[in-house]
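J.: Handing you a structure now.
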Amino acid sequence: MPYAFLLPFGFLYVTFWAIPAIRGLSLSLHAGEAFSLGPFVGTQHYERLFFDERFQSAFAHTALFAGLALATVLPLSLITALLLQASWRRLRGLFRFILLLPGLTAPAALAALLALALHPTAGLVNNFLLVPFGRPEIDWLRDDPWILPALLLQATWRWSGPLALVLLAALESIPRPYLDAAAIAGASHWTTFWRISLPFLAPVLLFGGVFIVWDAFSLSADVHLLFLRGGVGINTDRLIVPYIFLAAFRFLRFGYATAIGYATAPILALSLFAFLRYRRPADAAGGAERFAEGQRLHARRVIDHG
Amino acid sequence: MVDPRGRWRLAAASIAVGSVTGAVGLPFLWMIAASFKSNPEIYGNPAAFWPESLSWGNYELLWSDGGFPFLRLFSNSLAVAIVQTAVAVCTATMAGFVLGRYTFPGRRLVFGAALSTIVLPPPLLLIPLFLWIGEIGLTDTLLGVIMPGSVGGVGVLFISAIMRRLPRELFDQARVEGAGEYALFWLVALPLARPGIATYAFLHFVLAWHEHLLPLVVLRSPDRFTLGLVLAGMAGSARFPQGMVMAASVAMVVPAAVAYLIVRRHFAAALAALNATEP
């Protein structure tokens, strides 16, 4: 019986993921120039990648971007969620809707917006923050050191709001008995947060973290592809996906392009692994009761030690 | 709340959140304002936030079939997003149900399969996907865009987690009363898991609605293009009045916002169910 239910997903999975993935693996092991498979070259592409400066640059930038995004978005969302929880109930619905809006806007729209705001001569940022103070105008989207901050701004704007909402929901679903016990014992806000709320939030934060990393390596590429119209050569050493695009559709080196994607996958696998490993260790061992028991002991300890 | 300290906290928190929300909402507001501006207005005077006069020109441009068949693009995008979401949700719910509540040989395999789609998502799998779509003759078809996106690996994992936490007693009770496995799924599991399923559906819909990489690679004829794709092509380009781009962007938010309003009630319930520690 279970198998009948698995069939539809299984079919889609095999047809539109497994088969392309396996064939792609084979493609990455062949020359793969211009639509033909070409001779078998083994791990040549992967070895080339190792020394490819562009790939190194793209990978490093993407990783850096992911790290910075994590460090910016997670704390910001957490703080916003906490503030939301403490804010006036009547306004909360409005706040939540507005905070969700960036997640609902198309990346393309955001890119257009940023392109306008960061325009060297007509942009808001340059005109309000720099020129009045006598600083020279910055060409945000083209000048080297500023592209990453622009990307970071985009990612923060996009995800901080929605993530805050998710965290808020998690905060509100913390079982009241634990919080009440802590309050009765006279635990301070900070202690309550640190020892009771945070462990409950940990899985959600971890999920948010994995999502941000995932976004950095796949979605944000969409935004970046739009940043420079026609300047494909200039900015493909910033993110992985544009580089895949360049290798495949400009140089027709499909084998190499495939290898790029496959070589990047392990990073996502790693972050995913971290998430699975640490999200609910008690659950993984099959003991939901053990987890609950651990929480009860936790709360007891907080009460005893204040 | 009579406690003065509590009142102060409430006010402070509200103001703080208000500021954050304002900062978040500002670019959006600017987007709306810009959609009413003409091109010279946008570039000419960056200091002016609001347009001199409300010119609906951009929206008119959008509507007239002139250079931008908005209605066509909109319907294409809608078709893609809805079908993709529907298929992903149905397949993921069924698979998630079984994965979360039954043990059977190959369970780990299914788990691994779902995970693999996260590790190697379409953007990284782009080239093999592109070539494969071509080989099975789905290039330049909406189906070619829909199908790869309907592999709901994330959904399977998410829904299986929800299904697993549903109370055993209800299923046992139903079994005692003679319900078969299919009935268990349809009459017990589904209604209980509805909040989570709705949440996932919403997420998937929004991502599909904005999708532009796959359409870029698969579609060729302009009358098959999707909104996300065309918007991506116009954004930041000097060839198109950016005011019109802003107008299109604003219009694009509407379906997503509608989807949110439909699903809003279910969000909190879904997360609470996920976090439930009491059996």
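We did not get these values from a lab; they are worked out from the coordinates using the rules stated. Here the structure is a predicted model, which means the values were calculated and not measured. Note that we place each Cβ from the backbone using ideal geometry, even for glycine, and neighbour counts take in every protein chain shown.
J.: Need one number: nm distance between label points at A:Glu53 and B:Ala23, each 7 Å from Cα along Cα→Cβ, rounded to one decimal.
T.: My value for the distance between the label points is 3.8 nm.
J.: Let me ask something else about it. Once you place label points 7 Å from the Cα toward the Cβ at B:Ala174 and A:Ala86, how far apart are they in nm?
T.: 4.4
J.: Between A:Ile19 and B:Thr103, what FRET efficiency comes out of the Förster formula 1/(1 + (r/R0)^6) with R0 = 25 Å and r the beta carbon distance, rounded to 0.05? Walk me through the numbers on the way to the answer.
T.: Values: r = 28 Å, r/R0 = 1.12.
Here the calculated transfer efficiency is 0.35.
J.: For the pair A:Leu37/A:Ala63, report the inter-label distance in nm, with labels modelled 7 Å from Cα in the Cβ direction.
T.: Once both label points are built, they end up 3.4 nm from each other.
J.: On to the next question. Considering Cα pairs under 8 angstrom that are at least six residues apart, work out the relative contact order of segment A:1-113 and quote it in whole percent.
T.: On the way: 26 pairs, mean separation 10.0, N = 113.
So the answer I get is 9 percent.
J.: If R₀ is 30 angstrom, what is the calculated FRET efficiency for the pair B:Ala257 and B:Ser55, using the beta carbon separation as r and rounding to 0.05?
T.: The formula returns an efficiency of 0.80 here.
J.: Grab the other residues whose beta carbon is less than 15 angstrom from that of B:Ile133, score K and R as +1, D and E as -1, and report the net. Could the numbers behind the result be given before it?
T.: Numbers: positive: A:Arg23, B:Arg220, B:Arg224; negative: B:Glu135, B:Asp140, B:Glu211.
Within the 15 Å Cβ shell, the charges total 0.
J.: Other chains' Cβ within 10 Å of B:220-232 residues: what's the mean? Let's see the in-between values first.
T.: Details: counts 0, 0, 0, 0, 0, 0, 0, 2, 5, 1, 1, 7, 10.
Taking all residues of B:220-232 together, the mean is 2.
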